[in-house]
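In what follows, a single structure is set out as structure tokens and then discussed.
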């Protein structure tokens, strides 16, 4: 399908005109899958501005075969690549696994289209967590994003399904986290060790022997949410490394559903969100799922 834009609008608005009856969720999925181009260039940002005379073309569903099942591209431009990482996939290589990582798959995806383009790591998600990750397409953008992260000038929200009944409806956990010999993180009273870690939470729902939390990171230390919730007496379901004894989801009950920051090139605020993984749907309140 190809059409000419009649007047000023956003890409999502014009897609609603061209595909009447389709939900905004469906249209955003089409954008994320790279099925929409403007003047011959693939565009994935729903808010991309359009001018009269621009040409929109909607192609067939052609998800990149180079990407594994469950790894989805949420947004791509000349500076950023934002993805949804599935559970069980490493963000970057380890001593024991170098090929099956989000970074390796995405680097190959980028190079297949732009051989000289490189990809740069900005932050990480635990292997068994799922959710939103951002990668940079240049060193200056990587540095700018890492500076944004270090200033905590970023919005990071997770869903966490934890064991037990969390008594307070909301709260904040503050400590200094340090890594022990087993590579696990724990809080320390020694002010000369560890790094400050701040985690905010609020209860979304209480179920039998489980509580559903929305967690907001003010800092982003390794295993921060896992360590803090475990030390609070409510380990994340499925997290045996941090004391969980239940595994109702058959995976770690942690999903990064929102990431927001100012675009390092344009300076405009951007926010990326995902729906819950299938394993989470039955546990989340209807308005969240």
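Which one of 26, 87, 216 has the biggest mean-square fluctuation once the chain is modelled by GNM with Cα springs under 10 Å?
The residue that fluctuates most here is 26.
I'd like the distance between the alpha-carbon centres of the range 71-122 and the range 192-237, rounded to an integer number of Å.
Comparing the Cα centres of the range 71-122 and the range 192-237, I get a distance of 27 Å.
Whole Å is fine, so just give me how far the alpha carbon centre of the range 22-57 lies from that of the range 139-184.
Using only Cα atoms, the two centres lie 33 Å from each other.
Can you tell which of 23, 150, 182 shows the greatest fluctuation in a Gaussian network model of the chain with Cα springs below 10 Å?
182
Measure nothing but the geometry: give the 0 to 90° angle between the long axis through the Cα atoms of 139-150 and the longest principal axis through the Cα atoms of the chain, rounded to 10°.
So the inclination is approximately 40 degrees.
Apply 1/(1 + (r/R0)^6) to the Cβ-Cβ distance of residue 169 and residue 245, taking R0 = 30 Å, and write down the FRET efficiency to the nearest 0.05.
Efficiency for this residue pair is about 0.75.
Tell me, what is the FRET efficiency for residue 104 and residue 271 to the nearest 0.05, using R0 = 22 angstrom and their Cβ-Cβ distance as r?
Computed FRET efficiency for residue 104 and residue 271 comes out at 0.20.
For residue 69 and residue 3, compute 0.36 nm times the residue count separating them, minus their Cα-Cα distance, and round to one decimal in nm.
20.6 nm
Ranked highest first by the average count of other Cβ atoms within 10 Å around their residues, in what order do 123-129, 250-256, 95-101, 175-181 fall?
Highest mean packing first, the order is 250-256, 123-129, 175-181, 95-101.
Express in nm, to one decimal, how much length is gained between residue 24 and residue 41 on full extension, taking 0.36 nm for each residue of separation and deducting their alpha carbon distance.
So the chain would gain 4.0 nm between residue 24 and residue 41.
Laboratory data are not the source of any read-out in this text; all were calculated from the coordinates shown. Remember, predicted model here, so these are calculated numbers, not experimental data. All Cβ positions, glycine included, derive from the backbone under ideal geometry; neighbour counts span all protein chains shown.
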